[in-house]
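What follows is one structure encoded as structure tokens, with my remarks underneath.
Bear in mind that the values in this text are calculations on the coordinates, not laboratory data. Keep in mind that this is a model prediction, so the values were computed, not measured. Here the Cβ positions follow ideal geometry from the backbone for every residue, glycine too, while neighbour counts run over all protein chains shown.
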Amino acid sequence: MDGLLPTGVWQKGELFVDRHTVRPFPGTPPGDYWIEVALYGTLGSQWLEPDPGGSALLGPVTLPGSLLWSPDALDIEQRMEANLGDKVSLLGYNLESGLRPGDNIHLTLFWQCLEEMEQSYTVLIHLVDARDNIVAQKDNPPVDGFYLTTKWEAGEIVRDQYDLVIPSDVPSGEYRLKVGMYLAETGERLNVLKDGVPLPDNRILLQPVAIGSVE
């Protein structure tokens, strides 16, 4: 209720209508989703988590497949232009910093479909060292397999999130992430052009990833 009626003044048995607008992140794939509702308390300046089981799931809420987002509406921290086989474009990505061995790398990729695809492609994510040795990797279809490339529409933008575990024995230092797409049946990667220049290994190089030492 926009803070106009705090819970501290509620009386037992009273009913309230509390309206909220929930907007999905641009690029969220179509499908069925649920809204989790819970009450949070505060203790001084510290937020308190709800008790276990103290939340409710509302839904499902269906997002249609006809939403065509504008690239300008996306919250992309690192923008780029990489063409994968004239089928998909990587518009950019978001990447967390302040990482240590054993942490998860939270990576969000923003794809745009250039043409409808008859084949399902797998996304590859490689964490490599200075010698291009793979120290961690994750390979799976987009959106954890829930939204295959065969379902994408031309012009559609897909927000694709990943968690890549950094091995606990990785030395501290600077690493790089490389991403691409390939056919799982053959292992053949989509040819990549970045800023109009072919990439020899068909993997897109992202910004450096600094991994600190474990304290």
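Odds and ends about this structure:
- Positive dipole terminus of the chain, leading residue within LEU15, ILE157, TYR175 (C-beta point charges): TYR175
- Shape call, the chain: gyration tensor on alpha carbons, a/c limit 1.5: oblate
- Here the chain is assigned +1 on the Cβ of each Lys and Arg and -1 on the Cβ of each Asp and Glu. Its dipole about the Cα centre then comes out at about 140 debye.
- Comparing LEU68, LEU57, LEU15 in a Gaussian network model of the chain where C-alpha atoms under 10 Å apart are linked, the largest mean-square fluctuation is found at LEU15.
- Excluding the site residues themselves, the longest part of the chain lacking any trypsin sites (Lys or Arg not before Pro) in a DSSP loop with at most 16 other Cβ atoms within 10 Å is 20-130.
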